[in-house]
Amino acid sequence: MNFDFSEEQYLLRDQARKFLDDRSTPAVVRAVLEDDEKPYDAELWQEMAELGWIGAIVPEEYGGAGMTGEDLCVIAEELGRSLAPTPFSSSVYMATEALLLAGSDAQKGDHLPAMAAGERIGCFAVSEGVGVANADSIKMRASDGAVDGTKIPVADGDIADFAVVLARAGSDLSLYLVDLTGEGVSRKSVETVDPSRSHAEITFEKAAAEPLGAAGEGWEITQAVFDRAAILMAFEQVGGAQACLDMATEYAKNRFAFGRPIGSFQAIKHKLANIYIDVELARANAYYGAWALAADAPDLSTAAAAARVAASEAYNHAARENIQTHGGMGFTWEFDCHLYYRRAKLLSLALGGERRWKDRLISQLETRNFTGEE
Amino acid sequence: MDFNDTPEEAEFRAEARAWLAANAEPKAPGKVYKYRRGEPELIPAAREWERKKFEGGFSGIALPKEYGGRGGTRLQQIIFAEEETNYLIPPPIFSISHGMAVPTMLTYATEEQKQRFVPATLRGDEIWCQLFSEPAGGSDLAGLRTRSVREGDEWVINGQKIWTSGAHYADMAILVTRSDPDAPKHKGLTYFFLDMKSPGIEIRPIKQVSGFSNFNEVFMTDLRIPDSQRLGDVGQGWQVAITTLMNERVSSGVRPAPDFEDIFQLTKDLELEDGPAIADTAVREKLADWYIKAQGVKLIRARLVTALSRGERPGPENSISKLVSSFRRQEIAHFGMDLMDMAGGMMDPDKMPSRALYQQALLDAPGGRIAAGSDEILRNIISERVLGLPPDIRVDKELPFNQLPTGSE
Ligand SMILES: Cc1cc2nc3c(=O)[nH]c(=O)nc-3n(C[C@H](O)[C@H](O)[C@H](O)COP(=O)(O)OP(=O)(O)OC[C@H]3O[C@@H](n4cnc5c(N)ncnc54)[C@H](O)[C@@H]3O)c2cc1C
C-alpha cells in the first residue's frame, strides 16, 4: 500500500505550480474571460507544450513525453488550481486519449506529434443541444465518408483544428475524425457561464470524415474516453476546490467584524471545515482514480465515476461558499471568487452532469457483489 | 501510488484471512452479529472473541511481545481490522480498553503495572471503562469537578461521572479528577487508574434513546486510590487525558451498521412502484453520495496507513472519518426506513429487513454524533488545527477554576 505520489511527481507538481503561479495569474484568466476576441491564451499554450505537458501521455515515438496517467493527474490538479485558460482538457484528456485508445498507427502518426508540440488542437464533439446526450439520442449522420449535423456546445470547437465526432451511420454509432478547417464545416462561438473557456456550435454539411476505431463502437469508446477524462478532470476540480478553500480561509483570518476575525465565528469555521472534508473525500477518490488510470485497473469505470461525483460536488460546494465567506466583496466582478464559481459549474457539466455520473456509478456497482470480492 | 499490498502486507493479510475464516462467521447481506450492544450475553461473547484473537496472535498486533502483543506494526493492525470487517464479530466492547487504557498505561504506568495489566487486557480478562465525562464536563472535559484529595499514600475521591459506557461490566477504569480547584481549569487535574470493584463506587444505569442501558452514572464516595495508581504528575492530568484521547484506535475493525453495503443490498431487495428500489433515480443519487463518502473514508484511512508506514504521525484523518461516518449512518437509517414505507416504523426483528437494523440504528445513531467528540467539536478541531483558523474566544482559561461562571444545567 502506497497511497501517495512519488518524489518525482511532487517535483513535477512544484514545477507546475511555480510555472502557473507565474504564467496563469488571475489577470491572464481575466484577459480571456473579458475579451470576446481571445478564446484562450496562446502563449501559455505554447509554453505548456515546451514543458512537455500537452504531450505528457503521448508515447515518445510520437513526439510525446511518455509520462504516466498519474503524472498527468499531478499537472491537472495545478491547471485546475490556476484556472489555466487553455484547451488542455479537450486536446489532452479527450482527443489525445481517443487517439491513443482507438486510433490506427497512421492516425496517431498524423496527429499526435503535432498535438504534442502544441501546433494542432483537438476537441471532442458529442452534445447536440439541451438534454442528455447518449447512445439513443445522437442524431448526427455519417455516410459516404462525410458527416452531417450540428454539435453544440463543443468545448474549444472554435479554436480546434480537428474534432472527434460521434455520429450514426445506419444503426452504427461510431467516432470520426473531422478536419475543422476543411470544406463543409462552419462554426460560431457560443457563450457559456464561464467565458474563460471557449465553446462553439459546429455545423457539418457533408464534411469529410474518417472513422476512428471500429464501426459501431463509438459509444463504448466515448465512454472509455469519458472515464479517463473524468479522472483527470477530477484533479482539476480538486485543484480548484482547494484554491477556493485556501482563499476563503485566508480571507476569514483577515477580515474583521464585531471586533474579531470572521474566521473566529463558528458559522464560518464550520462552513470551512465542511468544505475541507468534501475536498479531502474528493481528493481521496481522485487519487484512487489516478492509480486506476495508470494501472488500467479492472474497476477503472467505478473509480472514475466516484472521482467525478465527489470532485464535482466538492468544487461546486467550495466555490459557492467561497463567495459567501467573502460577503459583498465575493459578489463583485473585481474579486476572483466568481472565476472559480463559473469554472466549477462548467467542469461539472462538461462530461455530463452529476445525475448522469451518479447513475453510472451505481450501474458499475451493480455489477459487483458486495459481500466480498468483486 | 500503489493500492495493492506489498508482498509482506499480502502475506500478513493472507494469514489474517485464514485465521478469521477458521474462527469467525463471514458477513452476508442483511446478516448481523448475534448479540447487540446492551444484551447481557454480549459481554462473555466479546471476552471470548478477544481471548481467541490473543491466542491466535491477533490482539495488540502493534504492541511489544513482552506485554502480550504480537510485536507487529500498526499497518498490520489496520490490515487485520480491515479483514475483520468481513466477519460477524462482537460490537467494540474493548475499544476503550485497547484504544485508550492500554496506550495510556504503556506511557505512564510502572513496569510492574504494565506487566500486570496490559497482557490481561489483551487476553480479554479485563475490560476498562473511561471515567471522564461529568454533568459539568462533556465537550468541555476540563470543566469536571470530581475532587481528589491526597491523604498520605492515598487519594480520596468524591464526585460523579456520567455517560460512562460499560461501567456496569468493566473491571478497571481510567479516571480524571480535580486535585486543585484554585488553579486554572486545565492545570488542577490529576489522573488515576482503579479497580471498579473498589469500595465507594456506585453505578446507576442510564436508559438511552434505544431503550438499552450501555452507559451509566458513576458515583464515587470516599473512594480510596493508592498514589501508586496515579498516572502522570499531580496537576498534569490534562496532559495524560490528551494522550488517552489522541490514542483512540487508529481504526476500529467495526463500523456500526448500516453502511453503504447494507443500504445497497436493501435497495436491491425492496420493491417500489416501478420495480426494485435501486432502479429509482432518487435512490441511485443517494446511494452514489453515500458510496463516495464511504469510499473516501476508506481511502483516507489508506492514506493514514501510508503515513504510518513511513513513520509519520497521523493527521486529521480520524476526525474526518468519524464525522462523516456517524452522520452517514443516521442518514442511511432514515432513508432505509422511508423505503419500507408505512411499515418502516416497526421494530419486530422477525418482520423487518436485516432484523430491524435500520430501526435500531435510527435510535442509536444520535449517540454516535455526540460521543468521542461531537460533530461541532470535531469541526472546531479541523478548522483550528488543520485550517489554522482562530480558536473560539474563551472566558475560562486563566481564571481559577472555582471562580468560573456555571449555568443552571
Ligand atoms: C453513546 C455515548 C457514550 C459515551 N461514553 C462515554 C464514556 O465511556 N466515558 C466518558 O467519559 N464519556 C462518555 N460519553 C460522553 C461524551 O464524551 C459526551 O457526551 C460528549 O463529550 C459531549 O458532552 P455533553 O454530553 O456534556 O454535551 P455538551 O458538551 O453539553 O454539548 C451539548 C451540545 O453543545 C455543543 N457544544 C459544546 N461545546 C461546544 C463548542 N465549543 N462549540 C460548539 N458547540 C459546542 C455540542 O456539540 C453539543 O451539540 C459518551 C456519550 C455518548 C453519547
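Shown here for region B:309-347: GluC sites (Glu not before Pro) in loop regions (DSSP other than H, G, I, E, B) with at most 10 other Cβ atoms within 10 Å, namely B:GLU312. Label-to-label distance for A:GLU210 and B:TYR35 is 7.3 nm, based on points extended 7 Å past Cα in the beta-carbon direction. Applying 1/(1 + (r/R0)^6) with R0 = 51 Å to the Cβ-Cβ distance of A:ALA106 and B:LYS52 gives a FRET efficiency near 0.20. Spin-label model, A:ALA117 to B:ILE242: label points 7 Å out along the Cα-to-beta-carbon direction sit 6.2 nm apart.
Which pairs break 27 Å Cα to Cα here: A:LYS358/B:LYS34; B:LYS34/B:LYS207; B:LYS31/B:LYS53; A:LYS271/A:LYS358; A:LYS18/A:LYS108? Among A:LYS358/B:LYS34; B:LYS34/B:LYS207; B:LYS31/B:LYS53; A:LYS271/A:LYS358; A:LYS18/A:LYS108, the Cα-Cα distance tops 27 Å for A:LYS358/B:LYS34; A:LYS18/A:LYS108.
Spin-label model, B:PHE327 to B:ASP348: label points 7 Å out along the Cα-to-beta-carbon direction sit 3.7 nm apart.
If one computes P(r) from the Cα atoms of region A:1-99, what percent of pairs lie at distances over 17 Å? Here the long-distance tail beyond 17 Å is 52 percent of all Cα pairs in region A:1-99.
Calculation over all alpha carbon pairs of region B:7-93 in 5 angstrom steps from 0 returns a P(r) of 3, 13, 23, 25, 19, 11, 5, 1, 0 percent. Ranked from largest, the principal axis spans of the Cα set of region B:173-322 equal 68, 44, 27 Å.
Identify the GluC sites (Glu not before Pro) of region A:295-356 meeting these criteria: DSSP loop state and at most 14 other C-beta atoms within 10 Å of the C-beta.
Values: sites: A:GLU313, A:GLU321, A:GLU334, A:GLU354; in loops: A:GLU334.
Passing sites in region A:295-356 are A:GLU334.
GNM remark for chain B: springs join alpha carbons under 10 Å apart, and the peak mean-square fluctuation among B:SER383, B:SER139, B:SER354 falls on B:SER383. Have a look at A:SER186, A:SER104, A:SER171 and tell me which one the Gaussian network model of chain A (Cα, springs below 10 Å) gives the largest fluctuation. Comparing A:SER186, A:SER104, A:SER171 in a Gaussian network model of chain A, the most mobile one is A:SER171. With both residues required to sit in chain A, DSSP beta bridges show an antiparallel share near 85%.
So, R0 is 35 Å and r is the distance between the beta-carbons of A:LYS188 and A:ALA267; what FRET efficiency does that work out to, to 0.05? Can you show the working numbers first?
Details: r = 46 Å, r/R0 = 1.31.
The formula returns an efficiency of 0.15 here.
Of all DSSP beta bridges confined to the protein assembly as shown, the antiparallel ones make up roughly 85%. Helix A:69-82 and the long axis of chain A differ in direction by around 60°, with both axes built from C-alpha atoms. If the chain linking A:GLU34 and A:SER363 were pulled fully straight, counting 0.36 nm for each residue of separation and taking away their Cα-Cα distance, it would gain 114.3 nm. Counting Lys +1, Arg +1, Asp -1, Glu -1, what net charge surrounds A:ALA207 among other residues with beta carbon under 10 Å of its beta carbon? Summing Lys/Arg as +1 and Asp/Glu as -1 gives -3. A dipole drawn for region B:128-246 from +1 and -1 charges on Cβ atoms has a positive end, and of B:LEU223, B:PHE132, B:THR177 the residue lying farthest that way is B:PHE132. The Cβ shell under 11 Å around B:ALA333 holds other residues with a net charge of -3, Lys and Arg each +1, Asp and Glu each -1.
Taking only the alpha carbons of the protein assembly as shown, we obtain Rg and Dmax values of 29.8, 102 Å in that order.
Would you please give the FRET efficiency between B:VAL209 and B:ASP5, computed as 1/(1 + (r/R0)^6) with r the Cβ-Cβ distance and R0 = 35 Å, to the nearest 0.05? Kindly include the intermediate steps, with their values, before the conclusion.
Values: r = 41 Å, r/R0 = 1.17.
Using R0 = 35 Å, I get an efficiency of 0.30.
Can you list the residues, at least 5 places off or on another chain, whose amide H is less than 5 Å from the amide H of B:ASP280, using H built in the peptide plane? Hits under the 5 Å cutoff: none. With all pairs of different C-alpha atoms in the average, the Kirkwood value for the hydrodynamic radius of chain A is 21.1 Å. Converting the Cα gyration tensor eigenvalues of region B:260-373 into ellipsoid dimensions via √(5λ) gives semi-axes, longest first, of 31, 17, 10 Å. All other residues whose Cβ lies under 11 angstrom from that of A:TRP357 are scored, Lys and Arg at +1 and Asp and Glu at -1, for a net of +1. When exposed loop sites are taken as chymotrypsin sites (Phe, Trp or Tyr not before Pro) in a DSSP loop with at most 12 other Cβ atoms within 10 Å, the longest stretch of chain A clear of them is A:1-257.
Subtracting the Cα-Cα distance of B:LYS197 and B:VAL156 from their residue separation scaled by 0.36 nm leaves 13.2 nm.
Computed from Cα positions, the angle between helix B:260-269 and the longest principal axis of chain B comes to roughly 30 degrees. Computed over chain B, the P(r) tail beyond 39 angstrom holds 21 percent of alpha carbon pairs. For region B:271-395, the residue among B:MET347, B:ALA279, B:SER309 whose Cα projects farthest onto the positive side of the dipole built from Cβ charges is B:SER309. Counting Cβ atoms of other protein chains within 10 Å of each Cβ in A:261-267 and taking the mean gives 4. Per residue of peptide A:285-291, the mean number of Cβ atoms on other chains within 10 Å of the residue Cβ is 4.
Loop-resident trypsin sites (Lys or Arg not before Pro) (DSSP state other than H, G, I, E or B) in region B:1-96 with no more than 16 further Cβ atoms inside 10 Å of their Cβ: B:LYS31, B:LYS34. Taking only the C-alpha atoms of region A:171-313, Rg followed by Dmax gives 21.6, 69 Å.
With Cα atoms as the point set, region B:101-212 shows a radius of gyration and Dmax of 14.8, 45 Å.
Given a 10 angstrom Cα cut-off, can you work out which residue in B:GLY152, B:GLY69, B:GLY166 is the most mobile in a GNM of chain B? It is B:GLY152. Annotation: amide H-H contacts under 5 Å for B:GLU134 (H modelled 1.01 Å from N, sequence separation of 5 or more, or interchain): B:ILE162.
Across region A:79-150, Cα pairs under 8 Å and at least six residues apart give a relative contact order of 24 percent.
Per residue, how much accessible area does region A:123-215 show when a 1.4 Å probe rolls over the protein heavy atoms, in square angstrom? Numbers along the way, then the final one.
Working: 4010 Å² over 93 residues.
Here the per-residue accessible area is 43 Å².
Against the main long axis of the alpha-carbon atoms of chain A, helix A:354-366 sits at an angle near 70°.
The values are calculated or read from the model by the stated rules, or taken from the named source; none is laboratory data. Because the structure is a prediction, the values reported are computed rather than measured. Backbone-built Cβ (ideal geometry, glycine too); neighbour counts: all protein chains shown. In case anyone asks, the SASA skips ligands and DNA or RNA and just uses the protein heavy atoms, side chains included. Shrake-Rupley method; radii C 1.70, N 1.55, O 1.52, S 1.80 Å.
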